Amino acid sequence: MSSSPHVIDVDASSWQSAVIDRSHHVPVVVDFWAAWCGPCRTLGPILERAVEARGGEVLLAKLDVDSNQQLAAQFRVQGIPAVKAFRNGQVVAEFVGAQPTSAVERFLDQVVPTIADRAVAEARVLLDTDRAGATQRLRAALESDPGHREAAIMLAEIVVDEDPDQASLLVRPHRPDPAAEAVVVRADLAAAGGDLDGLEARVAADADEAEARIALARLMAAQGAHDRAIDLLLQAVAIGDEHRDEAREQLVGLFTVLGDDSDLVRTARPKLAAALF
């Protein structure tokens, strides 16, 4: 058994706390090995030295497959040594077989959080209580790694209502990622603008006024009144004039923002189909 705090032995009884739970705070690399396995005895010390050199940025957990066959089967270990890296409870990288030191170092490089990753994690913690602090950390993450997908999308989601153009620019490199597309739709809605009172008056005065309904729906969606926005867009589709396709596209875009699991979307989809056909 290792005396290092960065290298531990695990079994079925400690797996949840030592690997799954711990991986939400630090990456955990699991070495599936056995005493009779020659390549395991070669790889083990290489892994241990590489992990030790990173001073706590990553944890190495060693699991004897002979004593923990159910866990090995659960993670589809068919040959050993098998190495799997866990982050946030999920396997994010893996390899099978003995590897030279250079390959192990490259493997750990992709597992250990970067400066940008750590900044995003800090921003996520701050998001509900310190919006300015979260924004600052996300901007720092993008300075460190301009292509960081999560930082760009999180920052875009924060600024989209106040600066839709900036939000669209932030997520442009990551389209057609669904989260990026949702930001673009929100940016389009937020950028629409309009005279709320005037639009309300036009809608109330004319049951066949589709254009005003679409414009008012954009404003409602930008303000988070998604149920009203959906109702207005369904009305515009049902009117069936030259604005019908525009209303349908706006409605589908709003579905993208809300997601398929939304009760509003599940209720509205059959209504849209009925209005169209």
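If you check R218, R186, which single one turns out to be in contact with a helix residue (DSSP H, G or I) (Cβ under 8 Å, 6 or more places away or on another chain), closer than 16 Å to E246 by Cα, charged (D, E, K, R) and not assigned by TED's automatic domain parsing to the domain that holds L264? Matching residue, one of R218, R186: R186.
Filtering R22, R76 for residues that are part of a loop (DSSP other than H, G, I, E, B), at pLDDT below 95 and of a type outside the set (A, V, I, L, M, F, W, C) leaves a single hit, R76. Determine if the stretch 205-223 includes at least one residue that is part of a helix (DSSP H, G or I) and touching a residue at least 40 places away in the same chain (Cβ under 8 Å). So far as the stretch 205-223 goes, yes, one or more of its residues are part of a helix (DSSP H, G or I) and touching a residue at least 40 places away in the same chain (Cβ under 8 Å).
A count restricted to the stretch 72-89 and to residues that are of a type in the set (S, T, N, Q) and under 21 Å from S13 (Cβ atoms) stands at 1. Counting only residues that are in contact with a strand residue (DSSP E or B) (Cβ under 8 Å, 6 or more places away or on another chain), without any contact (Cβ under 8 Å) to a residue 40 or more places away in the chain and more than 17 Å from D109 (Cα to Cα), the stretch 15-40 holds 2 of them. Remark: pairs (first residue in the stretch 146-163, in contact (Cβ under 8 Å) with a residue 40 or more places away in the chain; second residue of a type in the set (G, A, S) and surrounded by fewer than 23 Cβ atoms within 10 Å (Cβ to Cβ); Cβ separation under 7 Å; 6+ apart in sequence or on different chains) = D161/A190; D161/A222. Condition first: in contact with a helix residue (DSSP H, G or I) (Cβ under 8 Å, 6 or more places away or on another chain), assigned to a helix (DSSP H, G or I) and surrounded by 14 or more Cβ atoms within 10 Å (Cβ to Cβ). Can you find one or more residues in the stretch 90-105 that meet it? The answer is yes, given that some residue of the stretch 90-105 is in contact with a helix residue (DSSP H, G or I) (Cβ under 8 Å, 6 or more places away or on another chain), assigned to a helix (DSSP H, G or I) and surrounded by 14 or more Cβ atoms within 10 Å (Cβ to Cβ).
Only one of the numbered conditions (1) at pLDDT below 90; (2) out of contact with any helix residue (DSSP H, G or I) (no Cβ under 6 Å at 6 or more places or on another chain); (3) of a type in the set (D, E, K, R); (4) more than 29 Å from V159 (Cβ to Cβ) is violated by R266, and that is (1). Out of R139, R118, I need the residue that is basic (K, R), farther than 19 Å from V92 by Cβ and free of Cβ contacts under 8 Å to residues at least 24 places away in the same chain. Which one? So the residue among R139, R118 that is basic (K, R), farther than 19 Å from V92 by Cβ and free of Cβ contacts under 8 Å to residues at least 24 places away in the same chain is R139. Considering the stretch 128-171 alone, what residues qualify as being part of a loop (DSSP other than H, G, I, E, B) and surrounded by 13 or more Cβ atoms within 10 Å (Cβ to Cβ)? D130, D145, H148, V160, D161, D163 - these are the residues of the stretch 128-171 that are part of a loop (DSSP other than H, G, I, E, B) and surrounded by 13 or more Cβ atoms within 10 Å (Cβ to Cβ).
Among the residues making up the stretch 243-261, those that are in contact with a helix residue (DSSP H, G or I) (Cβ under 8 Å, 6 or more places away or on another chain) and outside any helix (DSSP H, G or I) are H243, G259, D260.
Going by what's in this entry, would L232 be described as more than 30 Å from A134 (Cα to Cα) and over 25 Å from the mean Cα position of the chain (by Cα)? It is true that L232 is more than 30 Å from A134 (Cα to Cα) and over 25 Å from the mean Cα position of the chain (by Cα).
Right, V10: modelled with pLDDT of 95 or more and among the hydrophobic types (A, V, I, L, M, F, W, C) or not?
Yes; evaluated as a whole, the condition is true for this residue.
The single residue among L199, L233, L251, L170 that is among the hydrophobic types (A, V, I, L, M, F, W, C), free of Cβ contacts under 8 Å to residues at least 40 places away in the same chain and either assigned by TED's automatic domain parsing to the domain that holds A140 or within 30 Å of L138 (Cβ to Cβ) (or both) turns out to be L170.
Restricting attention to the stretch 42-64 and to residues that are β-branched (V, I, T) and within 28 Å of the chain's Cα centre (by Cα), the residue that is nearest to A85 (Cα to Cα) turns out to be V58.
The values are calculated or read from the model by the stated rules, or taken from the named source; none is laboratory data. Quick caveat, the model's predicted, so the values are computed rather than measured. Every residue, glycine as well, gets a Cβ built from its backbone with ideal geometry; the counts of neighbours run over all protein chains shown.
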